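The values are calculated or read from the model by the stated rules, or taken from the named source; none is laboratory data. Treat the numbers as computed from the prediction; the structure is a model and nothing was measured. As a convention, Cβ positions derive from the backbone with ideal geometry for all residues, glycine included, and neighbour counts pool all protein chains shown. Keep in mind that these areas ignore ligands, DNA and RNA; they rest on the heavy atoms of the full protein, side chains included. Shrake-Rupley method; radii C 1.70, N 1.55, O 1.52, S 1.80 Å.
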Amino acid sequence: MDRGKAATVRAVALSGPCGAGKTSLLESMLHAAERIQRKGSVSQGTSVGDASEEARARGLSTELNVAGFDYLGDRYVVLDCPGSVDFASEADTVLPAVDLTIVVADPDPARASLLQPLLRRLDELQAPHCIFVNKVDKARGGLRDLIAALQPYSLEPLVARQIPIWNGSGALGYIDLALERAYKYESGKPSKLIQIPEQEKVREVEARYHMLEQMADFDDRLMEDLINENDPGRDHVMSDLADELGRVQIVPVFLGSAENGSGIRRLLKAMRHELPKLDAAAQRTGADGKSALVLKTKHVGQAGRQTLVRVMSGEIADGDAITLPDGTIERVAGIFSLHGEAQAKLDKAVAGDIVCLGRLDKAKRGDLISADGVARISKAPQVGRPAVYALAVETQNRADDVKLAAAMSRLVDEDGALDFGPDAATREFRLKGQGEMHLRVALDRLKRKFGVSVAAHRPQTAYRETIRGASTQRGRHKKQSGGHGQFGDVVLEVRPGIRGSGLTFSQKIHGGVVPKQYFGAVEEGVRDALQKGSLGFPVVDVEVTLLDGSYHAVDSSEIAFRTAARIGVNLALPECGPVLLEPVHSVTIHTPSEQMARITALIPMRRGQILGFEPRDGWFGWDSIRAYMPEDELHDLIIEIRSATQGLGELESALDHMSEVTGKAAAKAVESRQTMAAK
């Protein structure tokens, strides 16, 4: 990218729901700025963004896209954030770091609710943002209806900067309320300046006055002009728009069509004149001196680990020593600008730049790193995204296990919303993330980038067994094979324990019939037997008492008594009325109120028990449902929740207790375990 003459780089994020047209908007911005000669197509896989195999195979963004251009002497870097909730975490470190977030919206008021999570996040960050209503050339509803539908989701007033000029099939142009000029869209070309149509003049006056009224809430001078019926000067209006955007007092609303290139140059000019200065983003993140915020990390073939950062203040040069928040020192080995998949080497990065720094092996996403020797901590709030979907993964060849661990470590390093490791209860290796598509993309990337192919399947449920009755059995182990033999003899009482107690072992031996040195071996034998009960699952919550036994002065040993205890428990368990236990989770489902009935219907269908519900704190038109639900029913619950809520629903869960399970559910679990054991 031509680095231009600007002292700093302006950074803009494109964000919004899936399908709104963010990547198409990026393509149109690059074309309008003459960074590319011909616009690519997302559907045809020719766009600058979404260039990875995973993105093109699915026709949507699966990771952050970065591209840059110069426009009217200023330099810009645009970060296109994925819209799918599966990949929403890609934007978590981006939104606090950029100068402006352009929220790309569909013109249909019925889809307005899809923007609520994003608008709420931007409000929490106090990050400047505007709305770009895309596909306005195909819109059927009015802008007023759309803004009315969106306004409840924004703490700041939504201020229409433009109003559309309608024809029978959509918008054919717009009137800029700040400039008081009308433009007609010219597909693929700059909009044509025209006279404000006579039939639109009354509507323009009303809309402009409403815009000024909204702005006057934050400007006493403007309020005085309106009261005195004075028309404020254009320069005053433009200055106010920029100031109030920068202070996050208003959210400007622009119109256009990314597909046709309509309204794109007006948006670029607004960015040029009204974009908040870098100082505001630096203050939000706590940056000063020579510092940069880590946006994400990536592993690039022979180039190794690269760290994507935005330089928030000062400059960073190739070879500079970098101080991490904990005081660790690393050294930059290469600086690269990004444009889609292409990279270009730089000698240094200046304030505002978004670049990759090579060989920073310990810098993590969200870190504020410094090139002036000062350890700094970022003020940007960290977003926690608990995993809501998991797959058990295994290699086809055990020899690849070490390779898998190394590759997964890099994959998790690249994507902060992934988690990988062994499950303590089932001993499976599990990959966890934000949804089925998230994990499938991760596994495709694992194979493409790191050459590791794995089998993935639904994780096992951590069933357990317990008992309802008691039994006393003798376990006897005697073996003679020449020389010293093996002899162990125990009488064990097995009975139910308190729920959650695990194993309680005790002894009531009299007269030394079992020597003390073998008590520990007996307990180990009991634990061995409890690893797999008569139903095929580990046994919990039992009390085992050593009552009697015998030994041989020569042939008895710890191994013999351990084996005898295992035999005794194995004989006792089937006589104790074994029963299956399943883990039950406490779940909270957050859903738009409109879909409340659909979500509550899902819970009993999955053997769940509704505990209660209430309005979601701080959210307009949302409810939270609390319930108990068996772990076995949780695996794909998030898929159904999102399907019922246009992708908006959220799920939180945590293990609460173990509960007895009988009937078809128990039979299914036992049959499944027997089938697995037979393989």
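Listed values, structure above:
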{"read-out": "Cα-based helix-to-principal-axis angle, 234-246 vs the chain, degrees rounded to 10", "value": "10"}
{"read-out": "Extreme residue, positive dipole direction of segment 400-543, given options VAL514, ILE498, MET437 (C-beta unit charges)", "value": "VAL514"}
{"read-out": "Cα long-axis angle, helix 663-678 against the chain (0 to 90 degrees, to the nearest 10)", "value": "80"}
{"read-out": "Accessible area expressed per residue, segment 572-652, with surrounding protein chains retained (probe 1.4 Å, Å²)", "value": "42"}
{"read-out": "Accessible area per residue in Å² at 1.4 Å probe, computed on segment 97-144", "value": "31"}
{"read-out": "Exposure of TYR153 as accessible area (Å², to 10), given a probe of 1.4 Å and all protein chains", "value": "40"}
{"read-out": "Accessible area (Å², 1.4 Å probe, nearest 10) - SER481", "value": "90"}
{"read-out": "Protein-only accessible surface order, largest first, of ARG376, ARG440 at 1.4 Å", "value": "ARG440, ARG376"}
{"read-out": "Dipole magnitude of segment 285-392 about its Cα centre (Cβ charges: Lys, Arg +1; Asp, Glu -1), debye to nearest 20", "value": "380"}
{"read-out": "Length-normalised contact order for the chain - Cα pairs under 8 Å, 6+ apart - percent", "value": "10"}
{"read-out": "MRE, 222 nm, helices only [DSSP H, n ≥ 4, -39500 (n - 2.57), over the chain, to nearest 500]", "value": "-8000 deg cm²/dmol"}
{"read-out": "Accessible area, probe 1.4 Å, largest first, for residues SER52, SER593", "value": "SER593, SER52"}
{"read-out": "Within the accessible area of segment 603-675 (1.4 Å probe), percent carbon and sulfur", "value": "51"}
{"read-out": "Options (i) 29.7, 93; (ii) 28.3, 98; (iii) 32.3, 115 - which one matches Rg and Dmax of the Cα atoms in Å as calculated here", "value": "(iii)"}
{"read-out": "Dipole-positive endmost among PRO164, ALA178, GLY188 within segment 145-199 (Cβ charges, Cα centre)", "value": "GLY188"}
{"read-out": "Cβ-placed point charges (K, R +1; D, E -1), dipole of segment 437-590 about Cα centre in debye, nearest 20", "value": "820"}
{"read-out": "Given charges at Cβ of Lys, Arg, Asp, Glu: segment 527-679 dipole, positive-most of MET658, VAL584, ALA644", "value": "ALA644"}
{"read-out": "Probe 1.4 Å - accessible area at PHE620, Å² to nearest ten", "value": "110"}
{"read-out": "Computed magnitude of the charge dipole of the chain (debye, nearest 20; Cβ of K, R +1, Cβ of D, E -1)", "value": "2240"}
{"read-out": "Shape call, segment 70-120: gyration tensor on alpha carbons, a/c limit 1.5", "value": "oblate"}
{"read-out": "With Cα atoms, 0 to 90° folded angle of helix 596-605 axis to the chain main axis", "value": "20"}
{"read-out": "Residue-normalised accessible area of segment 414-533, given per residue in Å² at a 1.4 Å probe", "value": "50"}
{"read-out": "Accessible-area composition of segment 190-229, carbon plus sulfur, in percent [1.4 Å probe]", "value": "51"}
{"read-out": "Solvent exposure ordering (accessible area, 1.4 Å, most first) of ARG284, ARG111", "value": "ARG111, ARG284"}
{"read-out": "With every protein chain in place, segment 25-142: carbon and sulfur % of accessible area (1.4 Å)", "value": "45"}
{"read-out": "Inter-centroid distance (Cα atoms) of segment 187-212 relative to segment 252-308, Å", "value": "30"}
